[in-house]
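J.: My questions will all concern the structure given below.
The values are calculated or read from the model by the stated rules, or taken from the named source; none is laboratory data. Because the structure is a prediction, the values reported are computed rather than measured. With ideal geometry, Cβ positions are generated from the backbone for all residues, glycine too; neighbour counts draw on all protein chains shown. These area figures cover heavy atoms from the full protein model, side chains too; ligands, DNA and RNA do not enter into them. Shrake-Rupley method; radii C 1.70, N 1.55, O 1.52, S 1.80 Å.
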Amino acid sequence: MKTILQITHLSKTYAGGKKAVDDLSLSVCEGDIYGFIGQNGAGKTTTLRAVTGILPFESGEITINGMSIKEQPVACKSVLAYIPDNPDLYEYLTGIQYLNYIGDIFCVSQALRRERIEKYADMFRIKGDLGSLIGSYSHGMKQKLAIIAALLHTPKLMVLDEPFVGLDPEAAFKLKQVFREMCDEGSAIFFSTHVLDVAEKLCNKIAIIKSGKLVADGDIDKVRGDESLENVFMEVLESHEK
Amino acid sequence: MKNKWLLLTKIQLLGILDFNKARYAKDSKTKRRTVGSAAIIAIVALVICIYSVVLSLGFCEQGIGVHLPAFLIAVTSLITLIFSLLQGCSSLFAMKDYDHVMTLPVKKSEILASRLLCIYLSNLLFALPVVIPGTIVLFAVDGFSLAVLAVTLAATILSPLLPMAVAIALSALLTAITAKFRYKNVLQIILSLILFLGVMIASFAVSFTTSYNEGMDMSAIYSVLVRNVYLPAVLVDMTLTGTLWGIFAFAGISVAVAALFVVVLVLCYERVHEALTAKSAGAKFKAENIRTGSVYSALIGREFRRLFSSSGYLLNALSGTILLVIAAIALIFFDPKLLFAQAGESVSLSLFAYAGAGFAFLFIGMSNPGASALSLEGKSREQLFVLPLTMRQIIVAKTAPTFIFNAPAGVIFSVVFCIRFEADALCWIVTLISVILFSAFCALAGSFLNYKFPKYDWTNPTMVAKNSMPVMLCVFGSLILGIVCIPVGIISGFWIYLAVDLLSVVLSVAILIYFSHQKAFSME
């Protein structure tokens with residue numbers, strides 16, 4: 001399996017001295033749905049933001065599809081899609097204007113753009129609202145629009161921060177389906193979540209992070225053993241507190 | 001669109017101008033707001049045009065029209081410098097869509113180019129109503145010249161580059177210096193104030209200390225003025241007076257500094273952004289931090305903390321207050337008698353004392369954090385609107401910082417002005433009461449206008465604190481009122497201020513009654 005995302009000895013210290021991520025290494029391969037779990041403030045979002053090139057980091061290396069995010073940021077970003085936990089979209093644009101803008105940035109052809117927008121807008125039941133201003137959307141609708149925008153250029157790696165928050169049950173179900181389809185076609189998904197049930201059912205790999213350090217990672221069956229992911233998560237946290 | 005930076009610029013401009021929102025909005029309120037904003041911008045541009053025409057006619061009448069383009073370039077460049085300093089780094093960094101654009105496959109240089117182009121265009125848009133009418137007047141009086149047109153055009157297009165780059169670089173430097181300190185916001189504000197005051201004091205000092213040799217003609221005097229206001233404009237003046245290479249040097253310096261700025265910025269963009277947005281969570285909780293207070297103290301305290309949380313917001317919101325204090329200090333050292341003595345006139349100073357309140361009005365309107373406080377709630381406004389508060393409580397809290405800053409600054413200025421201009425007892429009373437009442441009215445009117453014309457979807461707080469319609473209405477409304485009151489006050493004495501005071505009281509009471517009868521805030 002080809003490695004899509006490789007994080008090697010990543011460390012990130014914020015101004016003020018807080019070490020948010022400490023010597024973190026993990027790899028996400030083609031076909032992986034990789035769950036990233038941890039408490040609030042554990043360093044999940046910092047890691048995701050470093051992966052996507054938003055946040056500079058002082059040591060370590062991140063490669064996407066074999067390219068360094070530091071050395072070749074534009075090439076990395078062209079195969080990447082990121083959906084933050086609270087997508088802050090341009091409220092003064094209409095949904096379709098936003099999708100066209102993303103399509104232009106990623107150079108998606110007219111035919112592909114039309115096909116994908118129609119497919120995913122139908123799937124997430126947002127087609128009728130694409131002509132409206134984003135400012136009039138609910139949180140869930142903005143989340144759906146951000147997902148459609150992320151899928152426009154069929155990314156090799158999709159990075160998501162709490163993707164299921166705010167989605168209705170049907171949309172959450174469809175999103176999981178999309179994840180699986182993408183992975184079948186050779187892409188990879190790396191997402192953070194607090195919903196352990198989702199991670200347990202959806203992911204083939206997970207990583208648990210505590211105070212910036214990776215405390216467990218690998219195939220979900222190996223990490224979980226015979227217990228529930230919830231029990232394992234609590235045990236891992238408690239053992240690292242001692 | 002092949003050029004991604006152009007695409008990014010287009011998206012940003014759509015946000016600034018609000019026309020897209022008006023076009024696709026389903027409610028007529030949004031459309032009306034946009035039309036209103038456009039009308040205000042048109043009025044502001046018209047006022048600037050008229051001012052430029054009057055100034056230019058004066059130049060041409062004195063027979064020094066040849067220096068006019070350089071003077072106009074100097075004025076617009078100085079204003080760009082001051083406004084860019086006030087805006088600080090927020091025009092480039094700490095934008096709300098930073099995360100979004102940084103994950104796109106676009107080079108950092110393209111992102112920066114798009115941001116800088118937007119800042120450049122807004123500065124150029126300000127320069128055009130100054131330069132175009134002035135140049136038309138020049139050609140109408142002195143005759144058309146293709147060479148002058150070419151030089152003026154080139155200088156106008158290039159003029160925002162240098163002051164913009166210098167101001168943003170200075171602001172970024174301040175941010176970098178303060179980034180590692182725990183109280184970096186406070187430090188940034190103090191250093192920004194020192195920088196801002198430095199520029200203002202240097203400008204005042206130059207104006208007061210410029211020595212004009214006896215026998216110097218008007219042409220030479222204006223050359224000295226141009227040199228003192230903005231040195232690079234001398235290069236434009238050189239070309240217009242016969243030394244061809246001046247404009248090329250002006251272009252070279254402007255482009256070189258801007259290019260150097262972009263190169264340096266590309267190298268440190270993420271670091272500066274991180275320094276600006278990183279939040280320290282290191283402060284430990286103490287039991288003494290739990291305090292009780294009234295609803296108003298809680299709301300007003302929050303408004304002050306919001307005001308002091310961003311150096312850009314603070315400087316934009318309090319620029320007039322700062323100018324009032326600077327003007328008061330300058331008046332202590334500047335004896336108005338000398339001015340009349342130099343002119344060989346023997347005039348009673350007390351005649352001019354009634355201009356004091358008019359001058360104060362000019363500055364008070366410039367400082368109105370209340371005119372943007374509601375818009376700055378942005379997406380978090382629902383947290384405020386769901387609290388069990390009346391609208392009057394919210395509005396009074398939003399109004400309070402404006403009044404608390406403006407009234408004392410206005411009083412300080414008025415006291416110094418009245419002493420310096422030997423005001424009589426009636427003038428003292430009228431000036432002080434007018435300044436206090438106008439401060440209260442201005443604060444309430446700002447909040448009222450902000451309630452009527454809110455802008456909650458901004459990508460950087462300066463867009464609201466500096467450029468929103470309520471702020472512009474307050475600034476230019478007070479400007480016009482001040483300009484009217486100064487001469488009318490000198491001629492008619494206290495009558496004009498009595499009218500302003502009565503109007504201020506009636507309108508303030510009307511605004512308070514209006515808010516007492518409003519049930520709830522609209523989230524729209």
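J.: Please verify whether region A:136-157 includes one or more residues that are within 30 Å of B:PRO454 (Cβ to Cβ) and within 8 Å of chain B (Cβ to nearest Cβ).
T.: yes
J.: Can you go through B:VAL226, B:VAL236 and tell me which one is more than 14 Å from chain A (Cβ to nearest Cβ), open to solvent by less than 30 Å² (accessible area, probe 1.4 Å) and modelled with pLDDT under 70? Write out each step before concluding.
T.: Details: B:VAL236 fails: modelled with pLDDT under 70.
Answer to the check: B:VAL226.
J.: Shifting gears a bit: Considering region B:1-18 alone, what residues qualify as being more than 7 Å from every other protein chain (Cβ to nearest Cβ) and either modelled with pLDDT of 80 or more or within 26 Å of the chain's Cα centre (by Cα) (or both)? Even if it seems obvious, please write down each step before you answer.
T.: Restricting attention to region B:1-18, the residues satisfying the condition of being more than 7 Å from every other protein chain (Cβ to nearest Cβ) are B:2-3, B:5-6, B:8-10, B:12-13, B:16-17.
Those that are more than 7 Å from every other protein chain (Cβ to nearest Cβ) and either modelled with pLDDT of 80 or more or within 26 Å of the chain's Cα centre (by Cα) (or both): B:ASN3, B:TRP5, B:LEU6, B:LEU8, B:THR9, B:LYS10, B:GLN12, B:LEU13, B:ILE16, B:LEU17.
J.: Oh, and also: Would you point out the residue of region A:72-122, among those that are basic (Lys, Arg) and more than 9 Å from every other protein chain (Cβ to nearest Cβ), that is least open to solvent (accessible area, probe 1.4 Å)?
T.: A:ARG113
J.: Show me the helices (runs of 4 or more DSSP H) entirely contained within region B:19-100 in which 1 or more residues are open to solvent by 60 Å² or more (accessible area, probe 1.4 Å) and within 14 Å of chain A (Cβ to nearest Cβ).
T.: Where helices (runs of 4 or more DSSP H) fall fully within region B:19-100 and carry at least 1 residues being open to solvent by 60 Å² or more (accessible area, probe 1.4 Å) and within 14 Å of chain A (Cβ to nearest Cβ), they are B:19-24, B:28-61.
J.: Can you find a residue in region B:136-156 that is outside any helix (DSSP H, G or I), among the polar types (S, T, N, Q) and either open to solvent by 10 Å² or more (accessible area, probe 1.4 Å) or within 14 Å of chain A (Cβ to nearest Cβ) (or both)?
T.: Yes: one or more hits.
J.: Any idea which residue in region A:158-176 is nearest to B:GLU382 (Cα to Cα), counting only those that are among the aliphatic types (A, V, I, L, M) and within 14 Å of chain B (Cβ to nearest Cβ)? Spell out how you get there, then give the answer.
T.: Kept after step one, since they are among the aliphatic types (A, V, I, L, M), are these residues of region A:158-176: A:158-160, A:165, A:167, A:171-172, A:175.
Next, from what is left, pick out any that are within 14 Å of chain B (Cβ to nearest Cβ): A:158-160.
Working: A:MET158: 32, A:VAL159: 29, A:LEU160: 26 Å.
Only one residue tops the list, namely A:LEU160.
J.: Considering only region B:360-391, state which residues are over 14 Å from B:ARG302 (Cβ atoms) and at pLDDT 85 or above.
T.: B:ALA360, B:PHE361, B:LEU362, B:PHE363, B:ILE364, B:GLY365, B:MET366, B:SER367, B:ASN368, B:ALA371, B:SER372, B:SER375
J.: Given (1) surrounded by fewer than 21 Cβ atoms within 10 Å (Cβ to Cβ); (2) at pLDDT 90 or above; (3) farther than 29 Å from B:LEU307 by Cβ, where does B:GLY493 come up short, assuming only one miss?
T.: Among (1) surrounded by fewer than 21 Cβ atoms within 10 Å (Cβ to Cβ); (2) at pLDDT 90 or above; (3) farther than 29 Å from B:LEU307 by Cβ, the lone unmet condition for B:GLY493 is (2).
Conditions (1) open to solvent by less than 40 Å² (accessible area, probe 1.4 Å); (2) modelled with pLDDT under 90; (3) touching a helix residue (DSSP H, G or I) at 6+ places or on another chain (Cβ under 7 Å), marked per residue:
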| site | (1), (2), (3) |
| --- | --- |
| A:SER136 | no, yes, no |
| A:ILE147 | yes, no, yes |
| A:VAL159 | yes, no, yes |
| A:PRO169 | no, no, no |
| A:MET182 | yes, no, no |
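J.: Same structure, new question: Do we have any residue at all in region A:217-232 that's open to solvent by less than 40 Å² (accessible area, probe 1.4 Å) and of a type in the set (Lys, Arg)?
T.: No: zero hits.
J.: Still on this structure: Given A:GLY60, A:GLY35, A:GLY43, which one is of a type outside the set (Asp, Glu) and over 23 Å from B:TYR98 (Cβ atoms)?
T.: Checking each option against the conditions leaves just A:GLY35.
J.: While we're on this one: Is at least one residue of region A:131-147 within 14 Å of the chain's Cα centre (by Cα) and hydrophobic (A, V, I, L, M, F, W, C)?
T.: yes
J.: Can you tell me which residue among B:LEU121, B:LEU125, B:LEU112, B:LEU117 is aliphatic (A, V, I, L, M), in contact with a Phe, Trp or Tyr (Cβ under 8 Å, 6 or more places away or on another chain) and either open to solvent by 40 Å² or more (accessible area, probe 1.4 Å) or not assigned by TED's automatic domain parsing to the domain that holds B:THR76 (or both)? Let's see the steps before the verdict.
T.: Numbers: B:LEU121 fails: in contact with a Phe, Trp or Tyr (Cβ under 8 Å, 6 or more places away or on another chain); B:LEU125 fails: in contact with a Phe, Trp or Tyr (Cβ under 8 Å, 6 or more places away or on another chain); B:LEU112 fails: either open to solvent by 40 Å² or more (accessible area, probe 1.4 Å) or not assigned by TED's automatic domain parsing to the domain that holds B:THR76 (or both).
Criteria check complete, one pass: B:LEU117.
J.: Within 30 Å of A:SER132 (Cα to Cα), touching a helix residue (DSSP H, G or I) at 6+ places or on another chain (Cβ under 6 Å) and hydrophobic (A, V, I, L, M, F, W, C), is that true of A:ILE62?
T.: In short, no.
J.: Separate question: If only one of B:LEU387, B:LEU351 is open to solvent by 30 Å² or more (accessible area, probe 1.4 Å), in the same structural domain as B:ALA510 (by TED's automatic domain parsing) and not in a helix (DSSP H, G or I), which one is it?
T.: Every option except B:LEU387 fails the conditions.
J.: Related question: Considering only residues that are surrounded by fewer than 20 Cβ atoms within 10 Å (Cβ to Cβ) and within 8 Å of another protein chain (Cβ to nearest Cβ), which ones fall in region A:54-71?
T.: A:PRO56
J.: Would you please name the residue that is nearest to the chain's Cα centre (by Cα), looking only at residues in region A:153-178 that are over 27 Å from A:THR63 (Cβ atoms) and assigned to a loop (DSSP other than H, G, I, E, B)?
T.: It comes out as A:PHE164.
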